[in-house]
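Read through the structure below, which is laid out as structure tokens, and then see the notes.
No value in this document is a laboratory result; all are computed from the given coordinates. This structure is a prediction, so every number in the text was calculated from the model and none was measured. We place every Cβ from the backbone using ideal geometry, glycine too, and count neighbours over all the protein chains shown.
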Amino acid sequence: MNQSHALWALLIMGAITFGLRGLPFVAARWLQSHPLIERMGRFLPLAIMMLLLMHAMRGGSQGHSGLPWPELAAVALTMALQWRLKHPLLSLLAGTALYVWWINP
Amino acid sequence: MALSSSKAHLPLSALTLPVAMGYIPLGAVFGFLFVQAGAPTWLAVLSNVVIYAGAAQYMMIPMLVAGASYASIALATLVINLRHVFYGLSLLQRFPPKGLMRLYMVFGLTDETYSVLTTLPADTPPQKMFLLTALNQLWWVLGTLLGAVVGAQAQLSLKGLDFVLACLFAVLATEQWRHRSSAWPVLVALPAYALALVISQQQALSIAIGLCVLAAVFIQPKPVSTP
């Protein structure tokens, strides 16, 4: 890992994250007065999270040959646990553990 | 107000404890993976001080290893943290009007801190909200330090540990689903990604996001509004 590349990347990511979190504090009226923005606020977070999830699953499945059963099983387990128990850490670790166990011979 | 004012007397420790229980281990996993990927411990801690956004930090590990361009790192951060744009709206009146305290509280508005702050009664003093934000970040930093120190010693050759990011997205998606106002986002996202894959395997994520933004413009929600 190139340290100066990483350092710049950190600063960029920090600036973007801060900008996103700060936007409503400087542009509240604009955000609130547009029904389109409100609609996006209700639509996009779940849609984008699903996209990120599918993208990460696809990335995982490219690391091994065969069908994406380990990805599907690990994500199904994570979601089922989270839905029932609402314990993010437990869901996350159980899903990852199942995945790691599955793909390591 | 009787109900909510009883909540006002909850001590800081009771409010921050659930966050600590999540952040310390999650931070430790991040620190461990980051150091195993070849980063020095100080860089792991620094990333918590300047970014402080769990999912984005998990995502950046493989991107930094691959030497991804700044533009693609910036885009990925924008996408993953886009939901944070909508967090501040419900806290506008509650933050201190100006000053460093306000800036820091905006900076520290993570998913968990947001969800704790929004449950506090309206008369909660800003100082308390500020301390809560700072304590939450402290757990995240401590967890990372712990994980990084362990990760610097450990020799691990397990494949697939980075799938923890997919599982984190699965957890966040489940929580978004629990609080959904309709099933449309999922019904659109699945075919959007499939279609994007057909168009370009390389740019599938960006194309799919574009399709979802378009869908958000055109899908009119029912007039019955849910909060």
_Cα-Cα pairs of the stretch B:69-159 separated by more than 14 Å (percent)_ = 73 percent
*Report, in whole Å, the centroid distance computed from the Cα atoms of the stretch A:29-105 and the stretch B:152-190.*
2 Å
*List the relative contact order of the stretch B:80-227 as a percent without decimals, with contacts defined as Cα pairs under 8 Å and 6+ residues apart.*
14 percent
*When the Debye formula is applied to the Cα atoms of the stretch A:1-51, each taken as the same point scatterer, what base-10 log of I(q)/I(0) results at q = 0.29 Å⁻¹?*
-1.02
*Calculated P(r) of chain A - Cα pairs past 19 Å, %*: 65 percent
*How many angstrom separate the Cα center of the stretch B:77-91 from the Cα center of the stretch B:117-150?*
18 Å
*Let me have the 222 nm mean residue ellipticity of chain B computed from DSSP H runs of 4+ only, each contributing -39500 (n - 2.57), with the sum over all residues rounded to the nearest 500.*
-22000 deg cm²/dmol
*asked:* Which of rounded, prolate or oblate describes the stretch B:1-136 when judged by the alpha-carbon gyration tensor and an a/c cut-off of 1.5?
replied: prolate
*So what does log10 I(q)/I(0) come out to for the protein assembly as shown at q = 0.07, 0.08, 0.11, 0.14 Å⁻¹, using the Debye formula with one equal point on every Cα and no solvent?*
-0.28, -0.37, -0.73, -1.22
*Between rounded, prolate and oblate, where does the stretch B:127-227 land on the alpha carbon gyration tensor, with a ≥ b ≥ c its root eigenvalues, rounded for a/c under 1.5, else prolate if a/b exceeds b/c?*
oblate
*Under-27-angstrom lysine pairs by C-alpha in the protein assembly as shown, whenever the two are 8 or more apart or on separate chains*: 5
_Long-range tail of P(r) for chain B (Cα pairs > 28 Å, %)_ = 41 percent
*Quick one: order B:I209, B:I219 by neighbouring beta-carbon count within 10 Å, fewest to most.*
B:I219, B:I209
*In whole Hz, what ³J(HN,Hα) sequence does the stretch A:45-55 give by Karplus (6.51, -1.76, 1.60; θ = phi - 60°), x for Gly and Pro?*
x, 5, 4, 5, 5, 5, 5, 4, 4, 5, 5
